[in-house]
Amino acid sequence: MTTCPNCSAKCNPLKFLQVTKWTPYVCPSCSARSDFPLKQSIILGLAAGLLLGIFSYLLAKFIGGFSVIIAVILVITIIPLIQYYFMYLEKVDDS
Ligand SMILES: [Zn+2]
């Protein structure tokens, strides 16, 4: 599970949805700023694209219309869970 690199408090996966290259994760316990390493973000991006493709294909087969919208919602729900269980945060340099 992803924890704060500064105080080891458990992270809130919902907050990962707001984390981008420009807005780091802010720990609710100690206010330290941290970010996912670039390599992990790239792998996550590829995994998200792959999942989106698979879900769109499967949903289109079984339910037809709106499959892409549902696939996008599923992937957006799954991404923070992947980040929470498989990724780790690194401290952001304030310099
Ligand atoms: Zn912290």
Restricting to the stretch 70-95, count the residues that are small (Gly, Ala, Ser) and in a helix (DSSP H, G or I).
1
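Would you be able to tell me the number of residues in the stretch 18-63 that are over 17 Å from PHE86 (Cβ atoms), of a type in the set (A, V, I, L, M, F, W, C) and touching a residue at least 40 places away in the same chain (Cβ under 8 Å)?
Number of matching residues: 1.
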Looking at GLY53, GLY65, can you tell me which residue is more than 16 Å from the chain's Cα centre (by Cα), outside any helix (DSSP H, G or I), away from the ligand (no atom under 16 Å from the Cβ) and not acidic (Asp, Glu)?
GLY65
For LEU46, work out the one condition from (1) within 16 Å of the ligand (Cβ to nearest atom); (2) at pLDDT 95 or above; (3) not in a loop (DSSP other than H, G, I, E, B) it doesn't fulfil.
(1)
Suppose we keep only residues that are surrounded by fewer than 12 Cβ atoms within 10 Å (Cβ to Cβ) and of a type in the set (D, E, K, R) within the stretch 1-40. Which one would you say is nearest to the ligand (Cβ to nearest atom)?
LYS21
If I ask for residues that are in contact (Cβ under 8 Å) with a residue 40 or more places away in the chain and touching a strand residue (DSSP E or B) at 6+ places or on another chain (Cβ under 7 Å), which ones from the stretch 1-14 would you list?
MET1, THR3, CYS4, PRO5, ASN6, CYS11
Every residue from the stretch 49-91 that is surrounded by 12 or more Cβ atoms within 10 Å (Cβ to Cβ) and modelled with pLDDT under 90
SER67, VAL68
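The values are calculated or read from the model by the stated rules, or taken from the named source; none is laboratory data. Just so it is clear, the model here is predicted, and its values are computed rather than measured. Using ideal geometry, Cβ is built from the backbone for each residue, glycine included, and neighbour counts are taken over all protein chains shown.
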